[in-house]
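Visitor: I am attaching a structure below and will ask some questions about it afterwards.
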Amino acid sequence: MDSSSKPPVKFWKGNNLLIEKHPKLEECKLIYFPKINDVRGNLSVMEGNRQVPFEIKRVFFLYDVPSGATRGGHAHKALQQVVIALSGSFDVILDDGYDRRTFFLNRPHYGLYIPPGVWGELGNFSSNSVALSLVSELYDENDYIRDYELFKRMVLEGGWK
């Protein structure tokens, strides 16, 4: 991923700066977990506030996803997460309201960090794939934004704070 930072997006009305936004896709990054090779089988370790950049409060996983199905389709106000392909492969499509980027995950020794304020969808699941999510918050339905048009308005109007 390109390590250079995008300049802020500025919205003007005449000579007045209305809003300055910093695209969040630049914060999404792959995290490589230590991999210990052994003839008996490999081992990878991930710990909260170490390899994972937050305290892990909840873990969930997706499996037996039917061919052609997508999961996700929402953004979070506060929750951070790391998504890992424990088995098989899938795409993670991220959208910060300004740009879209697709990440292909297919190895259990790296994960994708997704900050709050990013719309995410998972798709193109291979057969027998397992997607593991490590998240920073306990489940709270009020943290979810499930309407894409509302998400876009929140981005453009600075409604994340």
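The values are calculated or read from the model by the stated rules, or taken from the named source; none is laboratory data. All of these numbers come straight from a predicted model, not from anything done at the bench. Ideal geometry is used to build each Cβ from the backbone, glycine not excepted, and the neighbour counts take in all protein chains shown.
Visitor: Is there a residue in the stretch 119-136 that is outside any strand (DSSP E or B), among the β-branched types (Val, Ile, Thr) and at negative phi?
Guide: Scanning the stretch 119-136, I find no residue that is outside any strand (DSSP E or B), among the β-branched types (Val, Ile, Thr) and at negative phi, so the answer is no.
Visitor: Moving on. Which one is modelled with the lowest pLDDT, of the residues in the stretch 20-35 that are assigned to a loop (DSSP other than H, G, I, E, B) and exposed (fewer than 15 other Cβ atoms within 10 Å of the Cβ)? Walk me through how you get there before you give the answer.
Guide: Pass one, the stretch 20-35, residues assigned to a loop (DSSP other than H, G, I, E, B): 22-24, 28, 33-34.
The next check asks that each one be exposed (fewer than 15 other Cβ atoms within 10 Å of the Cβ); those that pass are 22, 34.
Values: HIS22: 57, PRO34: 95.
Among them, the one singled out is HIS22.
Visitor: Among (1) buried (at least 17 other Cβ atoms within 10 Å of the Cβ); (2) out of contact with any helix residue (DSSP H, G or I) (no Cβ under 7 Å at 6 or more places or on another chain), which single condition is THR70 missing?
Guide: Every condition holds for THR70 apart from (1).
Visitor: With (1) within 25 Å of ASP140 (Cβ to Cβ); (2) at pLDDT 95 or above as the list, and LYS77 as the residue in question, which single condition is left unmet?
Guide: Among (1) within 25 Å of ASP140 (Cβ to Cβ); (2) at pLDDT 95 or above, the lone unmet condition for LYS77 is (2).
Visitor: Something else: List pairs: first in the stretch 72-93 and over 17 Å from ILE56 (Cα atoms) and without any contact (Cβ under 8 Å) to a residue 40 or more places away in the chain, second surrounded by fewer than 22 Cβ atoms within 10 Å (Cβ to Cβ) and hydroxyl-bearing (Ser, Thr, Tyr), Cβ under 6 Å, 6+ apart or cross-chain?
Guide: Note: pairs meeting the criteria are ASP91/THR102; ILE93/THR102.
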